Each structure stands twice: as C-alpha cells, then as structure tokens.
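These notes are about the structure you will find just below.
The values are calculated or read from the model by the stated rules, or taken from the named source; none is laboratory data. Keep in mind that what you see is a predicted model, and the values were worked out from it rather than measured. Every residue, glycine as well, gets a Cβ built from its backbone with ideal geometry; the counts of neighbours run over all protein chains shown. Keep in mind that these areas ignore ligands, DNA and RNA; they rest on the heavy atoms of the full protein, side chains included. Shrake-Rupley method; radii C 1.70, N 1.55, O 1.52, S 1.80 Å.
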Amino acid sequence: QVQLVESGGGLVKAGGSLRLSCAASGRTFYTLGWFRQAPGTEREFVAGINRSSGTRYADSVEGRFTISRENAKNTVYLQMDSLKSEDTGVYYCAASRLNWIAVLVGQYDSWGQGTQVTVSS
C-alpha cells in the first residue's frame, strides 16, 4: 500500500491559480495521478505522470494544468492555472503499479484523502 497525503487546496477566483501537492510513501509505484469529483458526479481523471515523467491530461485541463514530480521528495504537484468554476471539486491523488498512465479509477489502488478546490465565478 502507498500512503498519499494531498495539500494545497482552497478557494480561488476564476482565472486564478493553485498548486496541489501529493506526498507519497510506502511501496514502489509507477504512476501517480490526480482525479477530481464534484458533488453528484463520478470521480474523473485529471492528469497523470509515470516514473519516466511522461504525462497525460484530460482534455478539459490540457494547456491549463501541469503535473510534475520531484522524485527525491516522492512528491507530485499539480499546477492549476486559468481556473474555471467547473474545476471545483475534491481533488484526489492516486497511485498505480501500472507502467502506463491509466485514466480509470479502478486502475489505481491507493488513494489520498482528498483536498477541496473551490473556484468562484
């Protein structure tokens, strides 16, 4: 099991920026991903990064969000710029033992507790 702790959520106005962090510890993992869930909706993939620092983004955030990792600190970041009200939700960090960047919830086997992001219009 991988332990994941997110931080960095908060309230921001539309057009603003936030940076989320996810500190990982425990067994070896290959890919870390960010998901989000708005009230009444299913959890959805936002971005992922593998051990080679290859990245993948949801179409809705491409060009606005940037995922990166700092291997020495076992930490992954999600820089969110040009935020929109539809970006509001609880953001979760997740770890996968797959070598490629999966986009389905069921392909990740460790999850953080989530951090709230609220974008006001």
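Brief remarks follow.
- Of residues in the stretch 79-115 being within 15 Å of GLY48 (Cα to Cα), in a strand (DSSP E or B) and in contact with an Asp or Glu (Cβ under 9 Å, 6 or more places away or on another chain), the one most open to solvent (accessible area, probe 1.4 Å): TYR92
- Taking the stretch 1-21 as the range and being of a type in the set (Ser, Thr, Tyr) and not in a loop (DSSP other than H, G, I, E, B) as the test, the residues that pass are SER7, SER21.
- Test: residue in the stretch 37-55 that is of a type in the set (Ser, Thr, Tyr) and within 18 Å of THR115 (Cα to Cα): yes
- Looking across THR75, THR41, THR28, THR55, one residue alone is open to solvent by 80 Å² or more (accessible area, probe 1.4 Å), of a type outside the set (Gly, Ala, Ser) and either modelled with pLDDT under 95 or farther than 18 Å from VAL12 by Cβ (or both). It is THR28.
- Restricting attention to the stretch 58-72 and to residues that are over 18 Å from CYS22 (Cβ atoms) and among the acidic types (Asp, Glu), the residue that is surrounded by the fewest Cβ atoms within 10 Å (Cβ to Cβ) turns out to be ASP59.
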